[in-house]
Amino acid sequence: MAQTSEEARDSYVQGIEAKAGRPIAELVAEVVGWGPGKYTELLKRAKETFGLGHGQANLLVHLAREHGEAAAGAPLDADDPLDAIYAGSKVPLRSLHEALMARLADLGSFEVAPKKANVSLRRGKQFALVGPGSRGRLEVGVNHRAAEAAERFEALGPGKMCSHRVFVTVPEEIDDELLAFVRAAYEGAG
């Protein structure tokens, strides 16, 4: 049976609780207690304080922001670049973005650099680009020049930001095949 985005989110919450060794409510309250701050600062602090990967810290800060908005009537931080990328009709894609980032946290260390319309993932060089795609899909661009095109992984022409792309419409498509393809690009970007 397919997992809904809510079930996927619950699964990531359980992973955060397991890694931090505390209930999510405590973690959210602590992050809210740090007060307002830039999104990137809160994200970095959550990683360091709780030993979380990028995707886990991202979800925790997002949950804290939601909690802070509900409690105070105003957002903790208006500087989250993902808010601009996933605005309007693209809002539903944000949960897919967060689910992908949570799964990519296992790759190891990499830089997350938000741009105007997407997010660049870099190691020594860019290995992936994540953002809203066409027709309500999340687009994952991957720099894996040694790979050949496949039904799922469309090869892009020369001069493009990435060598391949794949579209994600449901959390189940963030599978081992996609993660292996991105991992190969990650390893080649080091």
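The values are calculated or read from the model by the stated rules, or taken from the named source; none is laboratory data. On a predicted model such as this, the values are computed, not experimentally measured, just so you know. Cβ: placed from backbone, ideal geometry, glycine included. Neighbour counts: every protein chain shown.
A few comments on the model shown:
- Leading residue by the ranking (nearest to residue 145 (Cα to Cα)) among those in the range 171-188 that are touching a residue at least 24 places away in the same chain (Cβ under 8 Å) and of a type in the set (A, V, I, L, M, F, W, C): 185
- Residue within the range 139-150 that is farther than 24 Å from residue 16 by Cβ, touching a strand residue (DSSP E or B) at 6+ places or on another chain (Cβ under 8 Å) and in contact (Cβ under 8 Å) with a residue 60 or more places away in the chain present: no
- Scanning the range 116-152 for residues that are modelled with pLDDT of 90 or more, part of a loop (DSSP other than H, G, I, E, B) and buried (at least 19 other Cβ atoms within 10 Å of the Cβ) yields 118, 133, 143.
- Residue 113 being in contact with a strand residue (DSSP E or B) (Cβ under 6 Å, 6 or more places away or on another chain), closer than 17 Å to residue 86 by Cβ and surrounded by fewer than 13 Cβ atoms within 10 Å (Cβ to Cβ): no
- Against the numbered list (1) more than 16 Å from the chain's Cα centre (by Cα); (2) small (Gly, Ala, Ser); (3) closer than 24 Å to residue 10 by Cα, residue 131 comes up short only at (1).
- Residue list for the range 14-30, filter: in a helix (DSSP H, G or I) and either touching a Pro at 6+ places or on another chain (Cβ under 8 Å) or under 22 Å from residue 103 (Cβ atoms) (or both): 14, 15, 16, 17, 18, 19, 20, 24, 27, 28
- Top-ranked residue of the range 47-81 - restricted to ones that are modelled with pLDDT of 85 or more and more than 16 Å from the chain's Cα centre (by Cα), ranked as surrounded by the most Cβ atoms within 10 Å (Cβ to Cβ): 50
- Complete set of residues in the range 140-173 that are more than 23 Å from residue 125 (Cα to Cα), in contact with a Lys or Arg (Cβ under 9 Å, 6 or more places away or on another chain) and among the hydrophobic types (A, V, I, L, M, F, W, C): 168
- Any chance residue 98 is closer than 17 Å to residue 171 by Cα and either modelled with pLDDT of 90 or more or not assigned by TED's automatic domain parsing to the domain that holds residue 30 (or both): yes
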